[in-house]
Structures are given as C-alpha cells and as structure tokens.
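Reading through the structure tokens given below for one structure.
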Amino acid sequence: MKRYWKSFEEFQGITPADEVRIEQEHKNSVLELHENDFLKKNSSRRDFLKVFGYSVSSAVIVASCKRPVHNAIPYVVQPPELTPGKSLYYASSYFDGHEYAGILVKTRDGRPIKIEGNSLVEFNGEGTTARVQASVLSLYDDARLKGPMALNSPADWDGADSQIIKELEEINNAGGEIVLLTSALISPTTKKLIKEFGAGLKNFRWVRYDAVSCSAVLEANQKCFGKSVIPDYHFQNAGFVA
C-alpha cells in the first residue's frame, strides 16, 4: 500500500515541536537585538548596520505594497443584458495583416478579458494562435492613441473631421491627387466604403502597404513556378511529423 504525506515536513519526520525548536534556533538576529533592549546599551557597528538595513528595507516594502483605491460605482441605468460578475461572449474576427481568425471575445462587466476561437467558423474553428490570444492586451495599452492628434497635440473628432473635409475639397477642386494609404484589408465592407469614398473624388488612388509583407515571396514564386502563392504545410499528407 502506498503511503502519502501531507507536507514536506511530515515527509522528513519533523513534528510541530521540532518546528518550534528550529524557529527559535534560527530567529532573526535583528529581532534579537530589539528583544535585548538594543537602544539602551552600547552596540557595535555591525549591530547598527543590521538595524539600519532592516528599517530601510521595511519602509520600502511597506510603501511599495500600498494598493490603490478602486471605487465601485453602480450603473444608474443598468443594461438589461449585463449582470455584474457574469461573462458575455461576442462573435468577432481578428486580422492584423498577417493572421486571420474568427473569434469569440469573453467580456466581463463590459471589459474584454479573453479571446478564443469560434467553433462556427470553418477557417480556424476553436483554434487560435499566440498572436490572436495576445491581441486582447493591446486594448489595455496606455501608450496607444486614444483620439485624433494634430501636430502632435490632442484634437477633437469634430475639429479633425472638419479640417480633413475642408482640405480634401480644396485638393479635389484643384485637380490634385488624393492618396489613401492603408494596410492590407480583407473586409468587404471596408473595401466598399473606400470605393464609395474614392468615387466622389476626381483623382483618387488607394495604396496598400504592410511593414511586414509576403509580397517578395509571391513575386519569387510567380517567377520561379508561375504561381503567385504562399507555400504552406499539408500535415494531412505527412506520414510522420517530428
């Protein structure tokens, strides 16, 4: 019959009485100085450094362990679908120019906290990658832009919209070229909106650019094999995968 122990001390055969004895033998030397009325008698330089180091380190720890105060403010008009502490899931999609996935976003109290794959999407199902999983952290990045900027200064949306519309009208009336620069897009809705936007301009051009692109691979395969494709692994045809 196998024998089990509840703790490492029990495995070593240490009893509660032994623990008390070991604690007394290894009592902190600084505490011993205070117990021996350290302040009322002459002490060595070593004793002074012990007490001084202990005091400074304790003060630093206490100051750094202070937790901020978070006030819980209830809803004045609580949304009917929101229950405090209960998670809600929203179907969405992820695309950053490199990877695509249909996802389910787990939210709690209105905040996204976890991303998983959507089993109803045939492309990736319930599977995701590390990049997709980590994308939720970008929503809590304090360094991200939280609004429009004008000449490195914060601006409001109404002012930014009016300025952009005014300058676009001036360029369009003068017959100048208007270029829209974006990353690679796969959303049909976004492409339709860009097409409608360019239809109202005389000289409009849409340029797509990705800092990390596979265009070199596509061009190389087109020249070498006559097909502009990106190679991939077909694990279903493999006999052995190491």
Next item on the list: Specify the residue that is farthest from I165 (Cα to Cα); the eligible residues are those in the range 179-232 that are open to solvent by 90 Å² or more (accessible area, probe 1.4 Å) and in contact with a helix residue (DSSP H, G or I) (Cβ under 7 Å, 6 or more places away or on another chain).
Entry: K227
Notebook entry, point to check: Mind checking whether some residue in the range 139-161 is under 26 Å from Y100 (Cβ atoms), open to solvent by 100 Å² or more (accessible area, probe 1.4 Å), touching a residue at least 12 places away in the same chain (Cβ under 8 Å) and not in a loop (DSSP other than H, G, I, E, B)?
Noted result: no
Item checked: Test: S119 is open to solvent by less than 70 Å² (accessible area, probe 1.4 Å) and on the phi < 0 side of the Ramachandran plot -> no
Next item on the list: For I194, indicate whether it is hydrophobic (A, V, I, L, M, F, W, C), more than 30 Å from Y100 (Cα to Cα) and not in a loop (DSSP other than H, G, I, E, B).
Entry: no
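Residue under question is A184, and the condition is that it be closer than 19 Å to Y100 by Cβ, in a loop (DSSP other than H, G, I, E, B) and touching a strand residue (DSSP E or B) at 6+ places or on another chain (Cβ under 8 Å); does it hold?
In short, yes.
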Notebook entry, point to check: If you take the residues of the range 122-136 that are assigned to a helix (DSSP H, G or I) and not β-branched (V, I, T), which of them is most open to solvent (accessible area, probe 1.4 Å)?
Noted result: R131
Checklist line | All positions within the range 79-97 that are closer than 30 Å to R208 by Cα and either open to solvent by 90 Å² or more (accessible area, probe 1.4 Å) or in contact with a Phe, Trp or Tyr (Cβ under 8 Å, 6 or more places away or on another chain) (or both) | finding: Y90, S93, Y94
Next item on the list: Could you grab the pairs with beta carbons closer than 8 Å, sequence gap of 6+ or different chains, first residue in the range 75-103 and among the hydrophobic types (A, V, I, L, M, F, W, C), second one modelled with pLDDT of 85 or more and exposed (fewer than 11 other Cβ atoms within 10 Å of the Cβ)?
Entry: A91/L120
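The values are calculated or read from the model by the stated rules, or taken from the named source; none is laboratory data. Just so it is clear, the structure is predicted and the values come from calculations on it, not from any experiment. Here the Cβ is made from the backbone with ideal geometry for all residues, glycine too, and neighbour counts use every protein chain on show. Heads up: the accessible areas ignore ligands, DNA and RNA and are worked out on the full protein's heavy atoms, side chains in. Shrake-Rupley method; radii C 1.70, N 1.55, O 1.52, S 1.80 Å.
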